[in-house]
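The values are calculated or read from the model by the stated rules, or taken from the named source; none is laboratory data. These numbers were taken from a predicted model, which means no experiment stands behind them. Glycine gets a Cβ as well: all are built from the backbone with ideal geometry, and neighbour counts include every protein chain shown.
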Amino acid sequence: MPFQNNDTQAHPFIKWVGGKSQLLEEVHKALPADMDTRRHLTYVEPFVGGGAVLFWILRQYPHIEHAIINDINPELICTYRAIKTDVELLITELQTIQTEYLSLGADSRKEYFLEKRALFNAKDNSGNTTSALFIFLNRTCFNGLFRVNAKGQFNVPHGRYANPRICDAENLRAVSRLLQKVDIHCGDFAETGCYAGCNTLYYLDPPYRPITSTSSFTSYYRYGFNDADQIRLRDFCDEISKVGSMFIASNSDPKSMHPEENFFDTIYSRYTIKRVSATRMINSKPDRRGCISEIMISNVANI
Ligand SMILES: C[S@@+](CC[C@H](N)C(=O)[O-])C[C@H]1O[C@@H](n2cnc3c(N)ncnc32)[C@H](O)[C@@H]1O
């Protein structure tokens with residue numbers, strides 16, 4: 001069963017807006033036809049976020065010997081590095097936080113959350129403490145969002161879950177094992193262009209282009225991601241394609257709201273574009289969440 005998750009398999013250790021767990025089947029269909037037998041393939045994910053595709057692909061294709069991940073969010077990348085290099089220390093810190101938090105009543109939990117949020121925003125913690133705080137805040141904040149204000153400060157309120165799982169030690173260890181063959185970078189996606197080559201596959205999942213003025217969520221990082229960045233990403237696809245790399249990219253489908261909108265069809269006119277349906281949970285109003293279509297763009301023949 002290719003799309004099954006269970007506790008012994010590494011899966012995302014945080015909730016992440018735009019997480020691709022529900023699109024894995026579409027990503028699977030878009031992969032090169034010889035994916036099972038291709039040797040020495042390098043896999044690159046320049047917008048790794050919660051890593052739903054990364055973990056799935058590394059589990060599904062264990063013969064991938066080398067992968068590179070990148071994201072512009074420094075605390076997220078610090079957490080990937082802590083899991084890779086010292087997962088037991090991170091587990092110990094998380095277990096302490098979990099025991100303290102779960103022993104408190106509702107009001108005290110909120111106070112505890114706000115204290116930890118202030119500590120996280122002070123940004124003078126060790127790498128492991130930053131990572132433990134990052135996971136704790138993600139597990140206990142409203143909707144598991146990571147959102148920052150213009151000063152780069154995490155500002156999501158407390159979430160009031162009855163019994164949040166703050167430390168999933170078994171999954172963290174499974175993730176750590178998988179990350180041993182992964183190089184971890186923090187920066188702009190364009191910096192991963194140096195890995196392009198004829199046996200490299202990129203999965204590109206940038207912040208989606210907003211399809212309505214209220215659906216926008218590009219605040220993973222304080223500088224956002226605008227149309228100029230989307231065009232910069234298209235240029236990046238052109239550059240990596242020229243040297244023989246394969247790519248699959250995801251984005252929103254502006255046509256699902258505005259049939260006359262041709263932004264992606266125009267900028268990616270020389271590639272294949274496929275429309276797929278996906279359930280997105282980002283709208284804060286439950287009645288507005290539902291199936292919208294998204295696009296997958298690729299230079300791989302079988303998309
Ligand atoms: C749609 S999310 C990726 C979600 C991921 N595929 C998953 O399954 O969780 C987009 C990611 O791009 C990152 N990002 C935003 N601007 C970036 C940039 N210029 N370069 C690299 N990463 C960026 C964000 O921090 C965010 O994690």
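Across region 58-96, the qualifying residues are those that are assigned to a helix (DSSP H, G or I) and in contact with a Phe, Trp or Tyr (Cβ under 8 Å, 6 or more places away or on another chain), and the one among them that is nearest to the ligand (Cβ to nearest atom) is Leu76. Taken over region 110-149, the residue count meeting the criterion of being modelled with pLDDT of 90 or more, touching a strand residue (DSSP E or B) at 6+ places or on another chain (Cβ under 8 Å) and surrounded by 15 or more Cβ atoms within 10 Å (Cβ to Cβ) is 8.
In region 185-198, the residues that are assigned to a strand (DSSP E or B) reach residues that are charged (D, E, K, R) and near the ligand (Cβ under 9 Å from one of its atoms) with C-beta atoms within less than 9 angstrom, at least six apart or across chains, in these pairs: His185/Asp71; His185/Glu191; Cys186/Asp71.
So which of Asp229, Asp205, Asp188 ends up being of a type in the set (D, E, K, R), within 8 Å of the ligand (Cβ to nearest atom), at pLDDT 95 or above and touching a strand residue (DSSP E or B) at 6+ places or on another chain (Cβ under 8 Å)?
Asp205
Checked against the criterion of being more than 16 Å from the ligand (Cβ to nearest atom), among the basic types (Lys, Arg) and in contact with a strand residue (DSSP E or B) (Cβ under 9 Å, 6 or more places away or on another chain), region 242-256 contains one or more residues that satisfy it. Would you confirm whether any residue within region 13-24 is aliphatic (A, V, I, L, M), within 11 Å of the ligand (Cβ to nearest atom), in contact with a Pro (Cβ under 6 Å, 6 or more places away or on another chain) and in a helix (DSSP H, G or I)? Checked region 13-24: no residue is aliphatic (A, V, I, L, M), within 11 Å of the ligand (Cβ to nearest atom), in contact with a Pro (Cβ under 6 Å, 6 or more places away or on another chain) and in a helix (DSSP H, G or I).
A search for C-beta distances below 6 Å between a residue of region 71-86 that is within 18 Å of Val53 (Cα to Cα) and any residue that is in a helix (DSSP H, G or I) and within 10 Å of the ligand (Cβ to nearest atom), counting only pairs 6+ apart in sequence or on different chains, returns Asp71/Ile77. Residues considered: Ser277, Ser284. Of these, the only one that is at pLDDT below 95 and assigned to a loop (DSSP other than H, G, I, E, B) is Ser284.
Criterion applied to Glu260, Glu294, Glu239 was being modelled with pLDDT of 90 or more, away from the ligand (no atom under 14 Å from the Cβ) and among the acidic types (Asp, Glu), and the one residue passing it is Glu239. Among the candidates Thr37, Thr42, Thr96, the residue that is of a type in the set (S, T, N, Q) and surrounded by 18 or more Cβ atoms within 10 Å (Cβ to Cβ) is uniquely Thr42. Kindly evaluate Phe120 against the criterion of being assigned by TED's automatic domain parsing to the domain that holds Lys151, under 23 Å from the mean Cα position of the chain (by Cα) and hydrophobic (A, V, I, L, M, F, W, C). The answer is yes for Phe120. When Arg160, Arg139, Arg165 are checked against the criterion of being among the basic types (Lys, Arg) and within 27 Å of Pro46 (Cβ to Cβ), Arg139 stands alone in meeting it.
Report, by residue number, each residue of region 130-174 that is of a type in the set (S, T, N, Q) and assigned to a loop (DSSP other than H, G, I, E, B).
Answer for region 130-174, where residues must be of a type in the set (S, T, N, Q) and assigned to a loop (DSSP other than H, G, I, E, B): Asn149, Gln153, Asn155, Asn163.
Among residues that are touching a residue at least 60 places away in the same chain (Cβ under 8 Å), surrounded by 20 or more Cβ atoms within 10 Å (Cβ to Cβ), closer than 21 Å to Arg147 by Cα and aromatic (Phe, Trp, Tyr), Phe55 is not included.
Using the structure shown, decide if Ala174 is at pLDDT 95 or above and away from the ligand (no atom under 16 Å from the Cβ). Considered against the rule, which asks whether it is at pLDDT 95 or above and away from the ligand (no atom under 16 Å from the Cβ), Ala174 comes out as yes.
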